[in-house]
Amino acid sequence: MPADLRVTFTGLRFENPFLLASAPPTESDGNIMRAFEAGWGGVVTKTIGLHPVTNVAGPKTKFLRAMPDSPQLSMQKRPGTALHSSWNWELISDKPLDWWIGRLLRIKKAPPEKILIASIMAGSGSDEEMRHWQTLAKACQADGADALELNLSCPHMDRPDMGSNIGKDDELISVVTQVVKEVATIPVWAKLTPSTTDIVVEARGAFLGGADAISSSNTFTSLPVIDPETLEFEMNVEGLVSTGGLGGPAILPLSLAKMAQMTGAFEDKEFSGIGGISEFPHALNYFLLGCGTVQVCTAAMLDHAVGPTVIRNLIRGMEEFLEKNAHRGWQKLDDFRGIRRNRIVSHSKIKRPDEAHYHGGYDAEAPATAGSGNK
Ligand SMILES: Cc1cc2nc3c(=O)[nH]c(=O)nc-3n(C[C@H](O)[C@H](O)[C@H](O)COP(=O)(O)O)c2cc1C
């Protein structure tokens with residue numbers, strides 16, 4: 001029997017669980033159509049806003065590379081290097097809502113079985129700003145979007161009421177999600193920032209506001225490294241830099257830790273995993289933690305802009321995985337989704353060679369109420 005890659009996520013039927021994340025690969029209708037032809041099950045558009053944006057006067061994204069025989073990480077292109085991460089300070093779509101309207105409809109009509117998610121973003125500092133979320137949501141859903149993803153996670157916004165600054169405030173997350181849910185007739189996903197202390201708090205805010213799913217992670221707040229020769233940041237404009245976002249291989253373990261916190265806390269909720277995925281084994285991590293879809297950005301950017309090889313390998317990897325595990329009765333993602341989430345426990349619950357001498361960091365003589373945390 002051929003492997004069944006189909007999944008149902010937030011009520012939507014995907015032909016496979018692999019999506020392009022909101023980023024340059026989905027910045028235009030041309031790219032999105034190519035992505036669908038290449039085999040992606042769905043796409044999240046580059047984030048759409050109401051106001052024009054102007055990017056910095058210089059490159060928006062660069063790739064940090066590592067060498068096998070040197071500790072140096074650098075954005076300089078050198079032979080024999082391996083990709084470490086992407087670093088970007090790109091803002092949301094530089095095309096206004098009007099540009100997208102009509103195009104979303106055409107994209108959706110061309111291959112109707114492909115899933116189109118519109119990523120949207122507005123401010124949150126006033127009632128009017130809140131209404132902007134509704135304007136964006138209504139326009140995108142009327143134009144054929146199957147779901148909305150709320151960008152509560154862009155890491156390079158000066159405005160204190162936008163992007164990851166919303167994503168750091170669980171009450172604001174709740175309010176924004178609720179405001180969109182008031183007008184949405186399609187599922188609403190909340191994309192959270194990993195730059196918080198305990199992401200379970202922000203996830204709870206999103207679910208209280210009515211989010212149908214959480215997407216995580218956006219890029220991690222970071223700086224480009226300084227060149228030891230020139231003493232300049234490897235990415236700068238006239239010597240100046242601001243914080244931007246780290247993506248790609250380096251963030252896979254970081255993003256998994258964030259995801260595990262959430263899927264452990266909300267076992268009955270839906271999650272879309274993002275961060276460091278280029279091959280099926282990476283995606284498998286997210287699935288085993290409980291995610292129902294995954295999204296890819298950096299790897300696709302480096303593969304003909306929309307990731308034709310990446311999606312081919314993801315699909316083949318999942319088919320082979322299902323064939324290899326057919327003897328376990330696994331025929332589809334739901335048969336193995338989440339089976340490793342309960343393996344993550346507190347440190348003191350991990351077996352020691354000599355349990356008797358470990359008291360979870362507490363003094364052995366500490367009163368019983370402090371708890372040893374050792375059991
Ligand atoms: C150049 C660039 C632009 C991005 N733009 C957006 C965006 O507009 N909206 C958004 O939600 N995420 C954006 N992201 C974040 C990605 O969607 C994704 O969450 C992140 O890159 C982690 O995935 P990766 O490790 O596969 O790159 C962007 C990432 C990059 C590298």
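Here, the range 218-375 is characterised by an Rg to Rh ratio of 1.11, where Rg is the alpha-carbon radius of gyration and Rh the Kirkwood radius. For the range 194-211, backbone phi angles converted through the Karplus equation (6.51, -1.76, 1.60; θ = phi - 60°) give residue-by-residue couplings of x, 7, 9, 6, 9, 5, 4, 5, 5, 4, 4, x, 5, 5, 5, x, x, 4 Hz, Gly and Pro being listed as x.
Compute the relative contact order of the range 285-359 as a whole-number percentage, counting only Cα pairs closer than 8 Å that sit 6 or more residues apart in sequence. Reported as a whole number, the value is 42 percent.
Once backbone amide H atoms are built at 1.01 Å from N, residue 293 has 271, 273 as its partners under 5 Å, excluding neighbours fewer than 5 places away on the same chain.
Compactness ratio for the range 174-265: Cα radius of gyration over 2.2 N^0.38 Å (N = residue count) comes to 1.40. For the set 109/269; 77/258; 191/269; 46/191, the pairs lying more than 23 angstrom apart at their alpha carbons are 109/269; 77/258. Along the range 93-99 the Karplus relation, 6.51 cos²θ - 1.76 cosθ + 1.60 evaluated at θ = phi - 60°, assigns HN-Hα couplings of 3, 7, 9, x, 3, 4, 5 Hz to successive residues, with x for each Gly and Pro. Normalised Debye scattering of the chain at q = 0.11, 0.14 Å⁻¹ gives log10 I(q)/I(0) of -0.78, -1.20, counting only Cα atoms as equal scatterers and leaving out solvent.
A cut-off of 5 Å between modelled amide H atoms, ignoring neighbours fewer than 5 places along the same chain, links residue 119 with 45, 48, 149.
Computed from backbone phi with θ = phi - 60° and the Karplus coefficients 6.51, -1.76 and 1.60, the 3J(HN,Hα) list for the range 287-294 is 5, 5, 7, x, 6, x, 9, 9 Hz; x is used for glycine and proline. Simple spin-label estimate for residue 127 and residue 78 gives 5.9 nm between the two label positions (7 Å along the Cα-to-Cβ direction from each Cα). Note on 202, 267, 319, 279: ascending count of other Cβ atoms within 10 Å places them as 267, 279, 319, 202, the fewest first.
Please report the net charge: other residues with Cβ closer than 15 Å to the Cβ of residue 228, K and R +1, D and E -1.
-3
Near residue 116, once Lys and Arg are set to +1 and Asp and Glu to -1 for all other residues with Cβ below 9 Å from its Cβ, the sum equals +1.
In plain terms, the chain from residue 67 to residue 226 could stretch by 55.6 nm, reckoned as 0.36 nm per residue minus the Cα-Cα distance. Summing +1 for each Lys or Arg and -1 for each Asp or Glu, what net charge is found among the other residues whose Cβ lies under 13 Å from the Cβ of residue 289? Result for the local shell: +4.
Can you tell me the length gained on complete extension of the stretch residue 201 to residue 323, counting 0.36 nm per residue apart and subtracting the Cα distance?
Here the segment from residue 201 to residue 323 would lengthen by 40.1 nm.
Can you tell me the length gained on complete extension of the stretch residue 101 to residue 267, counting 0.36 nm per residue apart and subtracting the Cα distance? Gain on stretching residue 101 to residue 267: 56.1 nm.
Just so you know, all these numbers are worked out from the coordinates, no wet-lab data involved. On a predicted model such as this, the values are computed, not experimentally measured, just so you know. Neighbour counts run over all protein chains shown; Cβ positions are idealised from the backbone, glycine included.
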